[in-house]
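One structure below.
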Amino acid sequence: MAFYVVLRGNVPGIYMDATEALKALDGFENSYMKTFKLQKDAENFWHSDKQATVSCHSQPTCNNMIEAYVDGSYDRHSQKYSYGIVLLNEKKEVVHTMQRVGANKKYIDSHQIAGEVFGALAAIQWAIQQHAQKINIHYDYMGIEMWATKRWQAKKAVSKDYVTYFDKLAQQIEVTFTKVKAHSGDEYNELADQLAKEALADNGKE
């Protein structure tokens, strides 16, 4: 079990449910969340003098290094793909989350891979906007790294376009990669996966 302390969000507080914590961040500019394994640590942080910790969040110097967890999902019924992203600062604190649904027929046959690919690009773009010097992409599909580093040949539309956009973005920021085993209990990878799935579910309700 994890405890999520939302300091900046729609409803600040301590959450034990990841879904509710993500809802508290959704759409809130400069949102801020920190995760704890122990309830007492979460409560101590919530009741402490937090403002000094949070105040640097919007400053570029606090975001020289961004950690991004990206994941994709796909719905066969609607033929739509999606991505979920969890972004952390140098202190390993969640500073932003993102999710989006896509339905470009050009990429449909790549299913959830399309979501994860464009999630990685969106994370890099966000880091550049924050004036970060480096971003580390945590992924569970090898193509995210292998296509970008040219160790895999881009053959499909999704990989060809990914490489094109990646090459342009990589000129503005240093990008590194970390492989995460899917569905292995990695907290932020699970959150990214949850965001991607929720994006498809919410899109289906519209």
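The values are calculated or read from the model by the stated rules, or taken from the named source; none is laboratory data. Every value quoted in this text rests on a predicted model; they were computed, and no experiment measured them. Cβ: placed from backbone, ideal geometry, glycine included. Neighbour counts: every protein chain shown. Surface accessibility is based on the protein's heavy atoms, side chains included, excluding ligands, DNA and RNA. Shrake-Rupley method; radii C 1.70, N 1.55, O 1.52, S 1.80 Å.
Here's the yes/no breakdown for (1) modelled with pLDDT of 95 or more; (2) within 25 Å of residue 26 (Cα to Cα); (3) in contact with a Leu (Cβ under 6 Å, 6 or more places away or on another chain):
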residue: 126; (1), (2), (3): no, yes, no
residue: 130; (1), (2), (3): no, yes, no
residue: 133; (1), (2), (3): no, no, no
residue: 145; (1), (2), (3): yes, no, no
residue: 153; (1), (2), (3): yes, no, no
residue: 159; (1), (2), (3): yes, no, no
residue: 177; (1), (2), (3): yes, no, no
residue: 189; (1), (2), (3): no, yes, no
residue: 195; (1), (2), (3): no, yes, no
Point to revise | Leading residue by the ranking (least open to solvent (accessible area, probe 1.4 Å)) among those in segment 13-23 that are at pLDDT below 80 and not β-branched (Val, Ile, Thr) | key: 22
